[in-house]
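See structure below.
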Amino acid sequence: MKTDILVLGAGIVGVSAALHLQDRGRSVVLADRGEPGGGTSYGNAGLIERSSVIPYSFPRQIGPLLRYALNNAADVRYDPAYLLRIAPWLARYWWHSSPANLEKATRALLPLVEASVSEHDRLIERAGAAHLIREKGWISFYKNPRRYAAARADAESLSPFGLSMRVLDSQDFLALEPAFADRAHGIAGGVHWLDPKTVTDPLALTRAYMDLFLRGGGKFLTADASGLREEKSGWSLQSGTGDIVEAGEIVVALGPQSGRIFRKVGYSIPLAIKRGYHRHYGQVDGPPLTHSVVDEEAGYVLAPMARGVRLTTGIEFAAPDAPANMIQLRRDEDYARQLFPLGEPVEQTPWLGLRPCLPDMRPVIGPAPRHRGLWFNFGHAHHGLTLGPASGRLLAEQMCGAPTFADPIPFHPHRFL
Ligand SMILES: Cc1cc2nc3c(=O)[nH]c(=O)nc-3n(C[C@H](O)[C@H](O)[C@H](O)COP(=O)(O)OP(=O)(O)OC[C@H]3O[C@@H](n4cnc5c(N)ncnc54)[C@H](O)[C@@H]3O)c2cc1C
């Protein structure tokens, strides 16, 4: 099989890039060793996070640092041995989180965040996936009145970004989510972010985009990207069944596993991972949850999804292949049960996923400096579902030599090499 472009990785990032390339007249094959959408894109909290204009930075104030030092917080937990292993990466993350550097990252990402909903909307309409989308925004809530007051001030400080939001007192919150009523004494108030959309089944969304790609003449190949070979005229990859695809250009969109290829061809890019879990639950009583809600102090999300109420956790720093550790999920579940009538778990084993993260909080989107026809599109961290279609567009515009809708330079791999 010969193709113009081979995209490695059929998560939300790879599938979105493949669609944008196809739309620009290129023949594209997508390859994945597993089911399309079955990686990190399977298990996220489903927020198309238009309101997240400031990336998640490393805390620099003494209060949060002391709190995390005890390692008993729910929003971030870590394996101390692993923290030592990734200390150089953490130091870079800390450095990029200075106010000036954070502003730089915010400015670079803003065009992509601003385009996130409209780029999804185009694909949702063409893919016939509107039934997977809720147009109600999401709600952050606070239990501690001081944290609530600070959050209100923070939300108002974002007014230059033109976000639509509504500050909620506890009664407003209950009017939107009455299922919390019996336990509402614990909630001081919240903020309703109105621009974002939410997805009721992230796997189904990636598959709907994948089907759109296949309907447009795209091909899917089940293959392990580790077998990629550099040829005189481009690249080749052999599938498990012996089919060989030859491509002039290649896109690495393997999410947290992208290092498998960029290291193989000689690049050293500081891609690390932040782990996260999810589990679905029933709801014991009360009106059903209708918005995705975020307990900002404990760092978990409760999202009404196809399989039940999906609880997703905050960050766990532990080796990518270390066994799952239930501590964080149990802490979150305990916190959630104090406020919401969470029922029994739907599945026996919680899902564990890996967020692919760069220390400067920006994905890598652009050409590999020392190889013609090798392109990168990975490292979308906490916002890969949000940014997949916008980053696919930015990549495709560069690959096709078209004017780009955002400055691509802050995303180029050159910054690390
Ligand atoms: C708990 C949690 C909650 C999150 N919540 C949100 C949210 O609400 N909103 C948001 O925007 N983002 C969220 N994220 C982040 C988001 O899910 C990720 O940024 C995004 O899914 C990354 O997509 P990807 O396509 O780069 O990676 P993946 O989805 O992991 O896709 C990579 C693909 O590469 C394939 N692959 C890997 N190795 C090989 C190989 N050797 N050969 C062939 N194929 C291979 C995998 O099978 C996979 O299909 C969350 C993440 C977590 C963990």
(request) Go through L311, L329 for me and flag whichever is in a strand (DSSP E or B), touching a Lys or Arg at 6+ places or on another chain (Cβ under 7 Å) and aliphatic (A, V, I, L, M). (result) L311
(message) What's the total number of residues in the stretch 342-398 that are β-branched (V, I, T) and under 19 Å from G46 (Cα atoms)?
(response) 2
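Please go through the stretch 284-307 and pick out each residue that is in a loop (DSSP other than H, G, I, E, B), among the aliphatic types (A, V, I, L, M) and within 22 Å of the chain's Cα centre (by Cα).
A298, A306
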(message) Which numbered condition in (1) among the β-branched types (V, I, T); (2) out of contact with any Lys or Arg (no Cβ under 9 Å at 6 or more places or on another chain); (3) in a helix (DSSP H, G or I); (4) crowded, with 18+ Cβ neighbours inside 10 Å is the only one that I139 fails?
(response) (3)
(request) Name the residue, out of R50, R24, that is basic (K, R), modelled with pLDDT of 95 or more and crowded, with 18+ Cβ neighbours inside 10 Å. (result) R50
(message) I'd like the full set of residues that are surrounded by fewer than 24 Cβ atoms within 10 Å (Cβ to Cβ) and basic (K, R), limited to the stretch 280-313.
(response) R307
(message) Quick check on F220: is it under 15 Å from G14 (Cβ atoms), outside any helix (DSSP H, G or I) and touching a helix residue (DSSP H, G or I) at 6+ places or on another chain (Cβ under 9 Å)?
(response) yes
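Quick one: which helices (runs of 4 or more DSSP H) lie wholly within the stretch 1-95 and hold at least 2 residues that are within 15 Å of the ligand (Cβ to nearest atom) and polar (S, T, N, Q)?
Correct list: 40-43.
Per-residue answers, yes or no, for (1) closer than 30 Å to A303 by Cβ; (2) surrounded by fewer than 22 Cβ atoms within 10 Å (Cβ to Cβ):
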site: L194; (1), (2): yes, yes
site: F213; (1), (2): yes, no
site: D224; (1), (2): no, yes
site: R229; (1), (2): no, yes
site: S233; (1), (2): no, yes
site: G240; (1), (2): no, yes
site: E246; (1), (2): no, yes
(request) Only residues in the stretch 257-269 that are among the charged types (D, E, K, R) count as the first member; pair them with residues that are part of a loop (DSSP other than H, G, I, E, B), Cβ under 8 angstrom, at least 6 apart or cross-chain, and list the lot. (result) R260/L254; K264/L228
(message) Looking at the structure I just gave you, is Y281 in contact (Cβ under 8 Å) with a residue 60 or more places away in the chain, within 9 Å of the ligand (Cβ to nearest atom) and either under 30 Å from G137 (Cα atoms) or assigned to a helix (DSSP H, G or I) (or both)?
(response) no
(message) Tally up the residues in the stretch 365-378 that are near the ligand (Cβ under 8 Å from one of its atoms) and of a type in the set (A, V, I, L, M, F, W, C), please.
(response) 1
(request) Please work out if R362 is within 16 Å of the ligand (Cβ to nearest atom) and more than 30 Å from M326 (Cβ to Cβ). (result) yes
(message) Condition check: exposed (fewer than 14 other Cβ atoms within 10 Å of the Cβ) and within 14 Å of R362 (Cα to Cα). Does R107 satisfy that?
(response) yes
(request) Starting from the stretch 24-46, take each residue that is under 20 Å from P304 (Cβ atoms) and list its partners that are within 6 Å of the ligand (Cβ to nearest atom) and among the polar types (S, T, N, Q), counting only C-beta distances under 7 angstrom and pairs at least six apart or across chains. (result) N44/T312; A45/T312
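Applying the selection to the stretch 240-256, what residues are more than 10 Å from the ligand (Cβ to nearest atom) and in contact (Cβ under 8 Å) with a residue 40 or more places away in the chain?
D243, I244, V245, E246, A247, G248, E249, I250, V251, listed by residue number.
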(message) Between A181, A208, A150, A204, which is of a type outside the set (K, R), surrounded by fewer than 19 Cβ atoms within 10 Å (Cβ to Cβ) and within 16 Å of the ligand (Cβ to nearest atom)?
(response) A204
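The values are calculated or read from the model by the stated rules, or taken from the named source; none is laboratory data. These figures come from a predicted structure and were not determined experimentally. Every residue, glycine as well, gets a Cβ built from its backbone with ideal geometry; the counts of neighbours run over all protein chains shown.
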